[in-house]
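Engineer: Quick one: this structure, given as structure tokens, is what I'll be asking you about.
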């Protein structure tokens, strides 16, 4: 269902992007003639005001339609034209009096070249795909560059089982011809990659590139690494392992791009500025003034990855606030970073000894702030994952998924919606281990973990409850929908072919489902889901049974 | 436990047709809200009583009545004196931001915005505005 929404939204956005492009082309004709006038120092105040207005609009809107570089150039030009427009307002007949010939020529030419950014800006919003919203499908799109049609078919259907939507092209030229959004990951035939001579890396800067091929030797691997490939898989592909690796690459990337920061400061303006810089960089920000009474509730509600705090606020000491936070076991491991004009290393160390983790010395540039915070959020998440996640599957550990179920139960009561809770158990798992070995068993468990991650929304909670038992919480999800969704998961999982000692095998899955909101206590809902699971096991396995209330 | 009223009706005041259209996708299709768009401050003041939005998003720079002026007009209506308002602007200088907040906005969203995350941004602003206020 969410798939339909996503493709619908993409189609609409594509249409709007096209319309924006057409309008922009028309706008550029006007700007181009103004550019000529500026270059020859003949532009009048009316023309300058028009350019200013038009550049301001472009700066604010181009990025929304996927033309970020056009928006950024428009912003730079807007800042250049501003003084001239201000001069006009003072009654000067030419706003260009302060501009020397060279600057005027440069500005004029750049105005005339805006069109180039529109053409180059075929790089539509990678962000749309890289950061899906909570309500949209979580399925990633991978780009596959594979000249061989039969191989391509295999790959597309194989990856489809793991919930990957695939966009397929034969070569790089074919991809560039289309105007589809850039996918977050690229899989490419090794020969195509090597023959491209670095062009793929340029086209997909920053994206993970995974090569596949039939040749496997160290020289070949070195050649691929040297060209900048991020991974290599030798054919025949072991699909579960392959999907697992893609998953890790994508999760890493998502982690590196997002983050949550709570800023505590008493300088409202500065806080707003930091907040805008960070949110423009894709980081979620919440700000709170340095009031001890506001800080803890804000933390509990927002749950940041890191806390950024001014060391010396009016009346309030950041150090004391940090210590106060450390009273709560829950916030013992939250990284606290002080913002301070304090450059004395001794004083800094003293502050660190009292509950802080690091220092950022003011003044600091916007780009430095963003980069530092990104790295910090990423590290904090990695560490947090280590303690709270099952090392084999990367899913939440038993106690954590249970506490998530409890908080979701509370949210159901508060928000008045229903959420689903499900227990999942692999069928005849002992037989898998016995006849194919423990390593094959591990691959099956990872396979299910990956399938669940791909199929469920980002907001859904997935945990490994026991050996081959999993728990899933689907917030704000009616029973009917949950049943359909989990039925699909069962069907797809049973189709995955695993490799074992005695050849390929399949494993099926049983699910017990219950409604969280129908029970007074989360523990009761878990028990109900467990009973439904038992019922499903008795009545033939491989499918979903809904708890009877 | 504190109850947070669910956000359903949002009014957007924006003179640019393209941005109105993309916001419709972002807030209606992606976010699932009911959106009323107005192309000017005057239109917004005419439509607000009937639509009764729970939150208002205003472009700062509009010809005629600009965002802050429109908000002042809205604040004069008793029913909407406390309705959370959010400004959208292509400017990020901190002094300007502060002045918008001083006008009574609960938050400022920088332009360009990402159509795929606008809805969750708005929702977060809504929740925090309800918690404090």
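Engineer: Of all residues being within 18 Å of residue A:20 (Cα to Cα) and in contact with a helix residue (DSSP H, G or I) (Cβ under 8 Å, 6 or more places away or on another chain) in region B:19-49, which is surrounded by the fewest Cβ atoms within 10 Å (Cβ to Cβ)? Just the residue, please.
Structural biologist: Ranking the candidates gives B:39 first.
Engineer: So, one more: Any chance you could count how many residues in region A:328-346 are over 30 Å from the mean Cα position of the chain (by Cα) and exposed (fewer than 11 other Cβ atoms within 10 Å of the Cβ)?
Structural biologist: The qualifying residues number 5.
Engineer: Among the listed residues B:95, B:66, which satisfies the condition of being more than 11 Å from chain A (Cβ to nearest Cβ), surrounded by fewer than 20 Cβ atoms within 10 Å (Cβ to Cβ) and under 25 Å from residue A:52 (Cα atoms)?
Structural biologist: Answer to the selection: B:66.
Engineer: A further question on this structure: List pairs: first residue in region A:495-512 and free of Cβ contacts under 8 Å to residues at least 60 places away in the same chain, second residue in a loop (DSSP other than H, G, I, E, B) and surrounded by 17 or more Cβ atoms within 10 Å (Cβ to Cβ) anywhere in the structure, Cβ distance under 7 angstrom, at least six positions apart or on different chains.
Structural biologist: From residues that are free of Cβ contacts under 8 Å to residues at least 60 places away in the same chain, the pairs are A:506/A:496.
Engineer: Of all residues in region B:102-130 being facing chain A (nearest Cβ under 7 Å) and part of a helix (DSSP H, G or I), which is farthest from residue A:56 (Cα to Cα)?
Structural biologist: It comes out as B:128.
Engineer: Report those helices (runs of 4 or more DSSP H) wholly inside region A:1-89 carrying at least 1 residues which are within 14 Å of chain B (Cβ to nearest Cβ) and within 30 Å of residue A:481 (Cβ to Cβ).
Structural biologist: In region A:1-89, the matching helices (runs of 4 or more DSSP H) lie at A:2-39.
Engineer: For region B:35-54, check the following and say yes or no: at least one residue is within 11 Å of chain A (Cβ to nearest Cβ) and either touching a residue at least 12 places away in the same chain (Cβ under 8 Å) or in a helix (DSSP H, G or I) (or both).
Structural biologist: no
Engineer: Further question on the same structure: Only residues that are at pLDDT 80 or above and surrounded by 18 or more Cβ atoms within 10 Å (Cβ to Cβ): list them for region A:347-369, please.
Structural biologist: A:359, A:369
Engineer: Can you tell me how many residues in region B:1-34 are farther than 23 Å from residue B:72 by Cβ, within 14 Å of chain A (Cβ to nearest Cβ) and not in a helix (DSSP H, G or I)?
Structural biologist: Within region B:1-34, residues that are farther than 23 Å from residue B:72 by Cβ, within 14 Å of chain A (Cβ to nearest Cβ) and not in a helix (DSSP H, G or I) number 11.
Engineer: Does region A:454-471 include one or more residues that are in a helix (DSSP H, G or I) and either more than 26 Å from the chain's Cα centre (by Cα) or within 14 Å of residue A:390 (Cβ to Cβ) (or both)?
Structural biologist: No.
Engineer: Being under 22 Å from residue A:148 (Cα atoms) and within 28 Å of the chain's Cα centre (by Cα) is the filter; apply it to region A:193-207 and report the residue that is modelled with the highest pLDDT.
Structural biologist: Ranking the qualifying residues of region A:193-207, first place goes to A:193.
Engineer: Can you pull out the residues in region A:403-438 that are over 30 Å from residue A:503 (Cβ atoms), modelled with pLDDT of 85 or more and surrounded by fewer than 19 Cβ atoms within 10 Å (Cβ to Cβ)?
Structural biologist: Across region A:403-438, the qualifying residues are A:417, A:418.
Engineer: Against the conditions (1) part of a helix (DSSP H, G or I); (2) farther than 23 Å from residue B:127 by Cβ; (3) more than 9 Å from chain A (Cβ to nearest Cβ), where does residue B:74 fall short? Just the number, please.
Structural biologist: That leaves (2) as the condition not met.
Residues checked against (1) touching a residue at least 12 places away in the same chain (Cβ under 8 Å); (2) over 15 Å from residue A:264 (Cα atoms):
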{"residue": "A:287", "(1), (2)": "yes, no"}
{"residue": "A:294", "(1), (2)": "no, no"}
{"residue": "A:329", "(1), (2)": "no, yes"}
{"residue": "A:346", "(1), (2)": "no, yes"}
{"residue": "A:351", "(1), (2)": "yes, yes"}
{"residue": "A:360", "(1), (2)": "yes, no"}
{"residue": "A:370", "(1), (2)": "yes, yes"}
{"residue": "A:378", "(1), (2)": "yes, yes"}
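Engineer: May I ask you to list the residues in region B:81-90 that are more than 8 Å from every other protein chain (Cβ to nearest Cβ), in a loop (DSSP other than H, G, I, E, B) and crowded, with 19+ Cβ neighbours inside 10 Å?
Structural biologist: B:83, B:84
The values are calculated or read from the model by the stated rules, or taken from the named source; none is laboratory data. The structure displayed is predicted, hence computed values, not measured ones. Every residue, glycine as well, gets a Cβ built from its backbone with ideal geometry; the counts of neighbours run over all protein chains shown.
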